[in-house]
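Step one of this worksheet: look at the structure below.
Please treat every number below as a calculation from the coordinates, not as lab data. These figures come from a predicted structure and were not determined experimentally. In this analysis, Cβ positions are derived from the backbone assuming ideal geometry, glycine residues included, and neighbour counts consider all displayed protein chains.
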Amino acid sequence: MDTFIINLFNTWPNSTDVLTLMCNNSHPGLTSIENLVLRKLCIVRYRRIFTSTISQNLTKLPAWLDYNIHFISRFAFRVLQYPVLLPWYITILTILFARSDFDRLMVINGGCPASLLCRCALIAWYLSGKKTRAILNVHSLAVRPNILNRYIENSIDKYVVKWSKYIVGVSEVTQ
């Protein structure tokens, strides 16, 4: 995925376009992207509260405690993702996009279904009133949602499909 991002930015056809990468600050390939993109690139880093970020910041704890904190943070994410995080992400991103001068959005995600935040970005882009529809770029397949989450996951995906211009699968498995 990082190679795709680097190649996309380096071969972008219009050198006067201002390109912005919004990326999770803990993304392991972020340094490579910064070092290998040859053109001017604005990088906006964000931090996620849950899952890996918490356990990454607590690496000096005993292994049993680190495991439990990681487990608790993943459980909290699972419980809060739809009633709290889904509306929060959509609201914050809608405001961000509405106030921005961005005129295009491509969400690049490693797996399908895309992460909740990535799908919320696509929905928020549409809700922000931008004239163009966003593009979702997917690189592989992830696991199917469990039976308890399937209805809401399918509902989110319905809006992603409806409000996206294209959904691009770049590997054979996503075609």
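Bridgeable aspartates and glutamates around residue 130 (alpha carbons under 18 Å apart, same-chain partners fewer than 8 residues away excluded): 17, 101, 103.
Per-residue 3J(HN,Hα) values for region 8-21, derived from phi via the Karplus relation 6.51 cos²θ - 1.76 cosθ + 1.60 with θ = phi - 60°, read 4, 5, 6, 10, 4, x, 9, 6, 8, 5, 8, 9, 10, 10 Hz in sequence order (x marks Gly and Pro). Dividing the mean sequence gap of close Cα pairs (under 8 Å, 6+ apart) by how many residues region 67-154 holds gives a relative contact order of 30 percent. Fully extending the segment from residue 163 to residue 68, taken as 0.36 nm per residue of separation minus the present Cα-Cα distance, adds 30.3 nm. In region 1-47, the inverse of the mean reciprocal separation of distinct Cα atoms equals 11.0 Å; this is its Kirkwood hydrodynamic radius. Given region 73-127, what whole percent of its Cα pairs are spread farther than 14 Å? Cα-Cα pairs in region 73-127 separated by more than 14 Å: 56 percent.
Computed from the C-beta positions of residue 103 and residue 3 and an R0 of 30 Å, the FRET efficiency is 0.70 to the nearest 0.05. Over region 126-173, what portion of Cα pair distances is larger than 16 Å, expressed as a whole percent? That tail contains 53 percent of the Cα-Cα pairs. Once the Cβ-Cβ distance of residue 45 and residue 172 is raised to the sixth power relative to R0 = 45 Å, the FRET efficiency obtained is 0.90.
Could you work out Rg/(2.2 N^0.38 Å) for region 84-174, with Rg from alpha carbons only?
1.06
Amide H contacts under 5 Å for residue 137: 107, 108, 109, 168, restricted to partners 5 or more places along the chain or on a different chain, H placed in the peptide plane at 1.01 Å from N.
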